[in-house]
């Protein structure tokens, strides 16, 4: 029986797209790390992290609450979709190291007309977008700078720096090689974890996030949110869904998801930014609609968006979809049914 | 010479040239622009354009309200509710403070303020949480008209025949089978009451978050044994603790 093998970005995208992604990654490396080398980055990160943890001591309760509230304010979809957030700042020893997944996959479901390779590629890109959105979202604390300055005026500067260092290393190929080697030896030390669950009793999604400091907690909550959005890329066949998750959602895929995913996220969110729509809830709901596209349309849409080469049909679909979403949201907000006229 | 040093040198020369070429007014304008640039949340941060778009929305919403979304006492015209005094005008609604209960507050942290609507002349009582901060009208711009009170957001649609029940939003994230196991025990998540307890505990602790004064006045009284007011409040009577 065959086993689903992993899928890499260079197998999904064209050479041109990969070159563009690597170019963007190079620019990002300069923006995030400046002229620091890997060793300087690692040592500065550790020193900063110690300073941040020490400065947050005694404020963890507020910061947990504030992180949840800030993400809710920055992403109003959380309120609209009634998503619950459980956020905690914990010690490093409280973060679980993900267990290496078994490579055995004895019961592959019948994929029928679906191409498992395309399904895996779609899931991999969605995972990349989730990571990318959470990197971009982690800087959301800047929106609430005034509040954080009240606790300690140096915090915001330190948060900004630690995030740039922590995520900037994923644009460095040497760092990725080192991180992959650490993951293989189960030696990586994650700064946080998040998971999303569906509470059937209350019919709501729940984001459970833990992290060792505030900016990482914001990052993990946003990741949880985009994990929920990401579920919209699945079909209704539980066996197929499980098989795809088993093949794609691996820790060893994360470094490159973090490296390239932010550019997938940027490309799609740019379509929302450039629209005349000013309802931030539309952004995540639009991502969900993109995820619902079939595999071929989805991959083509993301690739063209990354290359800034969306076809007129794709642009027209995107604009129409966002307007439909906006209209539905207005109906929900106002209770008026006759907004179509 | 490395690139960084070269760039710094070029920047210095340009600045010097500019200083000589510009009039004092132009210099002032340039300094203002520089300040706006460096104090912008986008400066030296990797904040995404879509979050920045949301930031501007939040700032616009904030400008219309009296209350700060987060406790930011002491800056940008925000002060604690307990620091309000007669005659103060709230920055968002333009309401005038006509009476404060001399800083009195209940142990639950509520504080009552009587305000007057300048348009109608009507007085009303507002109840705030002790930790709430409000924005005062900018005294340097007193001639500017007070922003109108934010329109009440219409409530969500209510399904006919089911009063009070919130209908399902038109756009939802549907749970997909096999993606994650359903959780059975929701108790692990943070409840609102727990969250509130945490905040109350913080404000009762000796290490306050934002308080100018380390011990709230009601706590001083309570610690000193003058807890009658506290007991009264427990019995539903009003209480008074003075600074």
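Between residue A:115 and residue B:8, what FRET efficiency comes out of the Förster formula 1/(1 + (r/R0)^6) with R0 = 51 Å and r the beta carbon distance, rounded to 0.05? It would help to have the intermediate numbers written out before the result.
On the way: r = 55 Å, r/R0 = 1.08.
Efficiency computed from Cβ-Cβ geometry: 0.40.
Across peptide A:126-136, what mean number of C-beta atoms from other chains lies inside 10 Å of a residue's C-beta? Walk me through the intermediate numbers first.
Working: counts 0, 0, 0, 0, 0, 0, 1, 2, 0, 2, 6.
Mean shielding count: 1.
I want to make sure I understand the PRE zone here: with the label point 7 angstrom from the Cα of residue B:64 toward its beta carbon, which residues in the stretch A:244-280 have backbone N atoms less than 15 Å away?
Hits in the stretch A:244-280 for residue B:64 at 15 Å: A:278-280.
Ratio of alpha-carbon Rg to the 2.2 N^0.38 Å globular estimate for the stretch A:177-216, to two decimals, please. List each step's numbers first, then the result.
Values: Rg = 14.9 Å, N = 40, 2.2 N^0.38 = 8.9 Å.
Ratio of Cα Rg to 2.2 N^0.38 Å: 1.67.
Determine the shape class of the stretch A:182-341: with a ≥ b ≥ c the square roots of the Cα gyration tensor eigenvalues, call it rounded for a/c under 1.5, and otherwise prolate if a/b is greater than b/c, oblate otherwise. Intermediate results must be reported in sequence, preceding the final value.
Numbers: a/c = 1.76, a/b = 1.44, b/c = 1.23.
Prolate, since a/c reaches 1.5 and a/b exceeds b/c.
Neighbouring Cβ atoms within 10 Å as the yardstick, rank A:240, B:126 fewest first. List each step's numbers first, then the result.
Values: A:240 21, B:126 18.
Placing the least packed residue first, the sequence is B:126, A:240.
Would you mind ranking A:22, B:32 by Cβ crowding within 10 Å, fewest neighbours first? Before the final figure, lay out each step's value.
Details: A:22 15, B:32 10.
Going from sparsest to densest Cβ surroundings: B:32, A:22.
Run through all the Cα pairs of the stretch A:34-261 and give the fraction in each 5 Å bin from 0, expressed as whole percent.
Once binned at 5 Å, the Cα pair distances of the stretch A:34-261 give 1, 6, 13, 17, 19, 17, 12, 8, 4, 2, 1, 0.
Could you work out which residue, out of A:288, A:189, A:305, moves most in a Gaussian network model of chain A, that is, has the largest mean-square fluctuation with Cα springs under 10 Å?
Of the options given, A:189 has the highest mean-square fluctuation.
If you project the alpha carbons of the stretch A:178-274 onto their three principal axes, what span does each projection cover, largest first, in Å?
Largest first, the stretch A:178-274 extends 39, 38, 26 Å along its Cα principal axes.
Tell me the Kirkwood radius of the stretch A:93-217: reciprocal of the mean inverse pair distance over distinct alpha-carbon atoms, in Å.
Numbers: mean 1/r = 0.0558 Å⁻¹.
Final number for the Kirkwood radius of the stretch A:93-217 is 17.9 Å.
How do A:64, A:220, B:26, A:146 rank when sorted from fewest to most other Cβ atoms within 10 Å of their own Cβ?
Working: A:64 24, A:220 29, B:26 11, A:146 17.
Exposure proxy ranking, most exposed first: B:26, A:146, A:64, A:220.
Based on the mean of other beta carbon atoms within 10 Å per residue, what is the order of A:206-213, B:173-180, most packed first?
A:206-213, B:173-180
What's the center-to-center distance, using Cα atoms, between the stretch A:267-341 and the stretch B:11-25 in Å?
If we compute the Cα centre of each part, the gap is 47 Å.
Computed from the coordinates by the stated procedures, all read-outs in this text should not be read as laboratory data. This one's a predicted model, so the numbers in the text were calculated from it and none came from an experiment. Positions of Cβ are generated from backbone atoms using ideal geometry, with glycine treated the same way; all protein chains shown enter the neighbour counts.
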